[in-house]
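Here is the structure we will look at.
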Number of protein chains: 2
Amino acid sequence: MITTANMKNGVNVDQLVDTINAVQGNPELAKFEFRAKNNWITGGHCVTSAKGFYGVGQEDTTRQETFTMECDHPSVLLGEDKAATPVEVVLHALGSCLTAAMTYHAAANDIDIEGMESTLEGGIDLQGFLGLDPEIRKGYDGITVKFKVKSDASEEQLRALAQFSPVFDIISNPTPVSIEFVK
Amino acid sequence: MITTANMKNGVNVDQLVDTINAVQGNPELAKFEFRAKNNWITGGHCVTSAKGFYGVGQEDTTRQETFTMECDHPSVLLGEDKAATPVEVVLHALGSCLTAAMTYHAAANDIDIEGMESTLEGGIDLQGFLGLDPEIRKGYDGITVKFKVKSDASEEQLRALAQFSPVFDIISNPTPVSIEFVK
């Protein structure tokens, strides 16, 4: 399944093979914990920072930068439109994760990808969020992702690679969310 | 349930009441469609742009800016660490959405919120993503959100407000994702 080519699709295949072998030898290395801190600014505007994470058996020491990301809401949703909405950020996470899953797993399977882009759409009925109808869900009814991939791989191959995406799993299957209030 | 105070928690309560009344009179106004476009750069690095959306019965004309958001992966995940990972972006979307849901619904219920911050953690076993064990899920096993809220509201009240969050719904319940490949 794995070739020994060095770089494919921008992925270091040697390092990928080493990672897979290391995890097969010691599954504890595969346990990751990602973290973020969110600070409310005002109304529907807030900022998240992310830096530290745990993985490969230790607290990460390689990341130098703290990444900051904002969310806001457009004027029709009572915001100041300073950043994308949280539900648009979900589309960003999903598109990015599906794309990375395809490029990584294509690299591991010796499949070349020359280019890839996608559009994502999600429909939502805000009667749910507004509490006007308890029968209407608060989130997206569904999300459609349309990929345009420049590759000799078949649609079936690409679709199989996309299934490895963690965010695709998080969204399409239930993910337990525990909310605590601390002093 | 609704007061006529103008601004609360940074939310224009008059506009919020008007919105709720308008949607009650015409539920079609509550139908929104959000969109994003993702472009692969290389490896696990890509960029998303979001601008246009549909809502309140029409294509939005108010948003001036196209928001761009990047994802990458840290070096231990074979990336160049130029931006947060997709799974960290999920935490950003969730924290931001829970926060906005609480501030908006608190405003609608005449509850003052003076400050709010949260930390989010998600655990993930990458044996799932790597395809080493089909029994292990690819996404987060679970996400823990810890809120620190400066408010006279009780924990029970705040917890009830948080339930309105669309992203909380998207993550904690199944959301259908349709993946298509186009030429």
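Just so it is clear, none of the values below were taken in a lab; they were calculated from the coordinates. What you see is a predicted model, and the numbers here were worked out from it, not measured in a lab. All Cβ positions, glycine included, derive from the backbone under ideal geometry; neighbour counts span all protein chains shown.
List the number of the failed condition for B:Glu121; all other conditions in (1) over 23 Å from A:Lys183 (Cβ atoms); (2) not in a loop (DSSP other than H, G, I, E, B) hold.
Status for B:Glu121: all satisfied but (1).
Restricted to the stretch B:108-118, and to residues that are part of a strand (DSSP E or B) and crowded, with 16+ Cβ neighbours inside 10 Å, which residue is farthest from the other protein chains (Cβ to nearest Cβ)?
The qualifying residue farthest from the other protein chains (Cβ to nearest Cβ) is B:Ile113.
With part of a strand (DSSP E or B) and hydrophobic (A, V, I, L, M, F, W, C) as the only criterion, which of A:Phe147, A:Phe168 stands out?
The conditions single out A:Phe147.
Restricting to the stretch B:1-32, what's the tally of residues that are facing chain A (nearest Cβ under 7 Å) and closer than 21 Å to A:Lys82 by Cβ?
Qualifying residue count, the stretch B:1-32: 7.
Are there any strands (runs of 3 or more DSSP E) wholly within the stretch A:24-107 with 2 or more residues that are among the hydrophobic types (A, V, I, L, M, F, W, C), and if so which?
Because the criterion is at least 2 residues that are among the hydrophobic types (A, V, I, L, M, F, W, C), the strands (runs of 3 or more DSSP E) in the stretch A:24-107 that meet it are A:31-42, A:45-50, A:67-71.
When you go through B:Thr19, B:Thr68, B:Thr61, B:Thr42 one by one, which is the residue that is farther than 27 Å from B:Lys146 by Cα, of a type in the set (S, T, N, Q) and within 19 Å of the chain's Cα centre (by Cα)? So that I can check it myself, show each step before the final result.
Numbers: B:Thr19 fails: within 19 Å of the chain's Cα centre (by Cα); B:Thr61 fails: within 19 Å of the chain's Cα centre (by Cα); B:Thr42 fails: within 19 Å of the chain's Cα centre (by Cα).
Just one listed residue meets the conditions, B:Thr68.
Report, by residue number, each residue of the stretch A:6-45 that is within 21 Å of A:Glu59 (Cβ to Cβ) and of a type in the set (Ser, Thr, Tyr).
A:Thr19 - this is the single residue of the stretch A:6-45 that is within 21 Å of A:Glu59 (Cβ to Cβ) and of a type in the set (Ser, Thr, Tyr).
Quick check on B:Thr62: is it over 30 Å from A:Gln58 (Cα atoms), surrounded by fewer than 18 Cβ atoms within 10 Å (Cβ to Cβ) and facing chain A (nearest Cβ under 7 Å)? Walk me through it before giving the result.
Working: over 30 Å from A:Gln58 (Cα atoms): yes; surrounded by fewer than 18 Cβ atoms within 10 Å (Cβ to Cβ): yes; facing chain A (nearest Cβ under 7 Å): yes.
Judged against the criteria, B:Thr62 is a match.
I'd like to verify a number: residues in the stretch B:134-183 that are within 7 Å of another protein chain (Cβ to nearest Cβ), within 23 Å of A:Ile124 (Cβ to Cβ), of a type in the set (S, T, N, Q) and surrounded by 14 or more Cβ atoms within 10 Å (Cβ to Cβ), how many?
Qualifying residue count for the region: 4.
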